[in-house]
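The values are calculated or read from the model by the stated rules, or taken from the named source; none is laboratory data. Keep in mind it's a predicted model, so treat the numbers as computed, not measured. Here the Cβ is made from the backbone with ideal geometry for all residues, glycine too, and neighbour counts use every protein chain on show.
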Amino acid sequence: MASLICPFLLMMYLSTTNCVVVDQLIYPLIDTEILDFIDVIIGLYDNTAQLTPGCDTQYNHIQVRVLPIYISYPPFVGKPLLLFEFVVDLKVVLLQIILVTKDTYRPNILTLLPFNITSNPGKYRPGKFSVEDLEHLKFADLENDPDCNIRFERLADGSYSGVWPDCRSTILGLHPSYTVTLTCTYQTNTIPLFSNERSTNSPYVYEKTKCGVPIPYAPPGFVGACAKLLLQCPVLG
């Protein structure tokens, strides 16, 4: 019989998780609020609609890829993880594993812990870094700065509003932050002053062009609100 215990390293934010066995497969008990958030954020996005072909635009061309991933080695085994890729003008500028956690006392608040996969993301072509590449990484290869943690609040309509530090930039010892809104069909963000991208009077709007694949650490039968809404959306590969 499959074991009911998931062995993890006891680390801050990476504590042992309870498990449930279904048909001899082990599923971690991931909080529903976390699964709902992941259902909203996963997908492939870009702001192509804001760009005018042949004209000098005030916006950078930005593409965002968010993929739910499962990692089979400690301390990430069974944890709610995302692969996050941020592409500016066809160059990968940020490549991270993100651990999604929930505030113990305020269940509508989520904290995302980003771990930089590489200090040179530009060596990868957009969309080419895969889950299989993660098997060659060790925890020591990953970096997390607590000042770079991301926070979102779930709003009454099911969307999310958050603050996302741009840790590639430092102004007077502080990181400027994007203000971000997430819905099932699009993301918006306001580029802060002194960031690497062009600041604009109106937000960047990223339309979801492909939807998320099934969440690998979700229990059998889980279908989020966005998955129900976007049944005809091309699947993100």
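General observations
- For the range 177-195, the set of residues classified as crowded, with 20+ Cβ neighbours inside 10 Å, touching a helix residue (DSSP H, G or I) at 6+ places or on another chain (Cβ under 8 Å) and assigned to a loop (DSSP other than H, G, I, E, B) consists of C184 only.
- Single residue of V93, V100 found to be surrounded by fewer than 18 Cβ atoms within 10 Å (Cβ to Cβ), at pLDDT 90 or above and in a strand (DSSP E or B): V93
- Selected residue (criterion: modelled with the highest pLDDT) from residues of the range 36-88 that are within 19 Å of G221 (Cα to Cα) and among the aromatic types (F, W, Y): F37
- Matching residues, the range 196-224, being surrounded by fewer than 16 Cβ atoms within 10 Å (Cβ to Cβ), assigned to a loop (DSSP other than H, G, I, E, B) and of a type in the set (D, E, K, R): R198
- The residues in the range 49-92 that are in contact with a helix residue (DSSP H, G or I) (Cβ under 9 Å, 6 or more places away or on another chain), β-branched (V, I, T) and more than 27 Å from T200 (Cβ to Cβ) can be counted, and the count is 2.
- Residue match in the range 104-122 (condition: within 30 Å of L193 (Cβ to Cβ), among the charged types (D, E, K, R) and touching a strand residue (DSSP E or B) at 6+ places or on another chain (Cβ under 8 Å)): no
- Test: R151 is basic (K, R), exposed (fewer than 14 other Cβ atoms within 10 Å of the Cβ) and in contact (Cβ under 8 Å) with a residue 12 or more places away in the chain: no
- Odd one out for F8, checked against (1) among the aromatic types (F, W, Y); (2) buried (at least 17 other Cβ atoms within 10 Å of the Cβ); (3) at pLDDT below 90; (4) under 28 Å from A156 (Cβ atoms): (4)
- Residue ID - surrounded by the fewest Cβ atoms within 10 Å (Cβ to Cβ), chosen from residues in the range 35-83 that are touching a Lys or Arg at 6+ places or on another chain (Cβ under 8 Å) and aromatic (F, W, Y): Y59
- For R151: the one exception among (1) in a loop (DSSP other than H, G, I, E, B); (2) among the charged types (D, E, K, R); (3) within 29 Å of L229 (Cβ to Cβ): (1)
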